[in-house]
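Below is one structure, written out as structure tokens; the observations come after it.
The values are calculated or read from the model by the stated rules, or taken from the named source; none is laboratory data. Source: prediction; values computed, not measured. We place every Cβ from the backbone using ideal geometry, glycine too, and count neighbours over all the protein chains shown. The area values use the complete protein model at the heavy-atom level, side chains included, leaving out ligands, DNA and RNA. Shrake-Rupley method; radii C 1.70, N 1.55, O 1.52, S 1.80 Å.
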Amino acid sequence: MRTIKLLLQKEFRQIFRNKTLLPLIFIVPLVQLLILPLAADYEIKNISISVVDHDHSTYSRNLITTIISSGYFRLAGYDPSYNAAIHKVEHDKADLILEIPAGFEKTLVRESLEQLFIAVNAINGVKANIGGAYLSSIINNYNADLRAQWIQPVRFNSAPIIEITTSNWFNPFMNYNLFMVPGILAILITMVGGYMCALNIVKEKEIGTIEQINVTPIKKYHFILGKLIPFWVIGIVVFTFGLFIIGRLIYGIIPAGSILLLYAFLSIYLVALLGFGLLISTYSETQQQAMSIAFFFVMIFIMMSGLFTSIDSMPLWAKTIANLNPVTYFIEVMRMIVLKGSGFDDIKLHFLIIGIFAIFLNGWAVMNYKKTS
Amino acid sequence: MTTTVIKTENLTKRFGDFIAVDKISFEVHPGEIFGFLGANGAGKTTAMRMLCGLSIPSNGFATVAGYDVYKETEQIKKSIGYMSQKFSLYEDLTVTENIHFFGGIYGLSDKQIKEKSTELIQKLELEDQTKKLVKTLPLGWKQKLAFSVAIIHQPQIVFLDEPTGGVDPVTRRQFWDLIYDAADKGITVFVTTHYMDEAEYCHRVSIMVDGSIKALDSPSALKKQFSADSMDKVFYELARGAKRSDN
């Protein structure tokens, strides 16, 4: 016990004395948590639209006003022809073209049917998709409003209408911060824990102090615990800052579920993660190697964790990788507890899996650690 | 205690086809200053690592402080001190913190550590430096401090791996005064060096060439044997035939 106490004392002294690393551990993740959710927002705004209006009627002008006042579109200008408009798209000045045919108003009123043409710049697929959908839905609404004006309420309508009402559970206002902040916090914890732990151990290898430790009566498990415990504590502290200071004060996110349960999961997750860091350190001789290996995996961990994209829509092989990624489970649990208020029963399986990860990664690392010395 | 503190018989270490240490046999007596010489790549460090319990021998037999190097490495580690040229202390800890850490690791009580560190700091005249980080100390002081920390727990043997590399002549003399002090207290000193004047300070020296010990005796006897007037010539005589040296 005394040995571990001495090792912890040494480790904390070294960490708090490292003026470059300290802000990297405590400040950088919090700053990232402030910045990243703002950027990682799928809500598409400011779509530039170019309008080719061949009709110049009251109806067409009403339609354009409706579109612009929706808040999602920005008028890039009126163009006399489709060719002029596509020129704008080519120069990246417009994302969408709406072409209104000549006689739009007349045909609509007389025949109750008219066609509009929308052309979408699909270089940015997400923007194109969502922009096109927004525009269609605005036009539909406009159409419905027109009908309502024209048709007197009758006792029975010849064309039955199915009206769809949606209600968004767990995140009623579809607030992206609510969705992204817990996920990004999970990623930041992963990066701090995984990198720092691996680098710290490899540093001792690199400068050779590990050799000095190896000739003392310090046991392997003393040394490993002396390395894991500090970063476990740091992980918890950074998470707490992120959740309470940034999450609650800045984003106003208050977990719907049990905070205790969240910390229980975090504790086990950190053990698994630090085992991963330890494992990397046993395979690297220099900090550069450790950094490169860690970077490779953390990249995959982030991209395939369901943070940005839904795992359910991934192809089977990608799903398999996502399921072998510990970060996936942490992000899921974060969102389930924070947004949905899930209880232990709902995340039993997650606990089991992350527990297996913890045992497997640490077991592998410790076995490998013994062999190399 | 037996009269040998280190004993090896045909101690061998192979890395694949390469025989780093080839059947070395020698004995070191308590209180002795034993110089372990050899050109770069001769296998000194590998041999020393085996004796410290850092590396398991491929063949042969050895005991350190009466403990077997195969099975009793943990006991060996409690009985030895170790210091190397490159690293020994934590550079980002202060003088006192290093003393406290290593003293504690070797099981000294807080009271013992306090006594030892006052004594040690006085002896090294480091009174004004105790709160400074080790990395701010000049190399010579660092090495003297590292040696003192390596013997803080009064080990039976202290292993020194090129302890005076890069240190100025005056500091080297002071360093050897510390070594003599330690030997007087009964600590056996096992030291590797490239400085032949230091070899003269040793009670006995062994010279390794290409993994085996080519000569082992007191410096005066070796000089007589090779009819040389300095250890420098003795070393040159033996090591110039080496195939593995990198110079």
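Observations, loosely collected:
- Selection count, region B:114-147, where residues are more than 14 Å from chain A (Cβ to nearest Cβ) and under 16 Å from B:SER88 (Cα atoms): 6
- Helices (runs of 4 or more DSSP H) contained in region A:219-335 and holding at least 1 residues closer than 19 Å to A:LEU361 by Cα and open to solvent by 60 Å² or more (accessible area, probe 1.4 Å): A:220-240, A:259-283, A:287-303, A:316-323
- Among (1) open to solvent by 40 Å² or more (accessible area, probe 1.4 Å); (2) over 23 Å from A:ILE210 (Cα atoms), the one test that B:GLY107 misses: (2)
- Positions within region B:149-164 being open to solvent by less than 60 Å² (accessible area, probe 1.4 Å) and assigned to a loop (DSSP other than H, G, I, E, B), in sequence order: B:ILE151, B:ILE152, B:HIS153, B:PRO155, B:GLU162, B:PRO163, B:THR164
- Selection of region B:91-104 for residues being in contact (Cβ under 8 Å) with a residue 12 or more places away in the chain and either within 15 Å of A:VAL215 (Cβ to Cβ) or more than 7 Å from chain A (Cβ to nearest Cβ) (or both) yields B:GLU91, B:THR94, B:VAL95, B:THR96, B:ASN98, B:ILE99, B:HIS100, B:PHE102, B:GLY103.
- The conditions of being over 21 Å from the mean Cα position of the chain (by Cα) and part of a helix (DSSP H, G or I) are not met by A:ILE164.
- From the options B:GLN85, B:GLN75, residue that is within 13 Å of chain A (Cβ to nearest Cβ), on the phi < 0 side of the Ramachandran plot and surrounded by 19 or more Cβ atoms within 10 Å (Cβ to Cβ): B:GLN85
- Filter result for B:LEU54 (surrounded by 21 or more Cβ atoms within 10 Å (Cβ to Cβ), within 13 Å of chain A (Cβ to nearest Cβ) and in contact with a helix residue (DSSP H, G or I) (Cβ under 6 Å, 6 or more places away or on another chain)): no
- Considered as a group, the residues in region A:12-26 that are open to solvent by less than 30 Å² (accessible area, probe 1.4 Å) and within 31 Å of the chain's Cα centre (by Cα) include one that is nearest to the other protein chains (Cβ to nearest Cβ), and that residue is A:ILE15.
- Residue within region B:136-150 that is over 26 Å from B:SER206 (Cβ atoms) and in contact (Cβ under 8 Å) with a residue 60 or more places away in the chain present: yes
- Among the residues of region A:48-81, the one identified as of a type in the set (D, E, K, R), under 19 Å from A:ASN121 (Cβ atoms) and either touching a Cys at 6+ places or on another chain (Cβ under 9 Å) or not in a loop (DSSP other than H, G, I, E, B) (or both) is A:ARG74.
- Residues that are open to solvent by 40 Å² or more (accessible area, probe 1.4 Å) and either hydrophobic (A, V, I, L, M, F, W, C) or within 14 Å of another protein chain (Cβ to nearest Cβ) (or both), drawn from region A:27-57: A:ILE27, A:VAL28, A:VAL31, A:LEU34, A:ILE35, A:LEU36, A:LEU38, A:ALA39
- Of the residues in region A:269-289, none is free of Cβ contacts under 8 Å to residues at least 60 places away in the same chain and within 22 Å of A:LEU30 (Cα to Cα).
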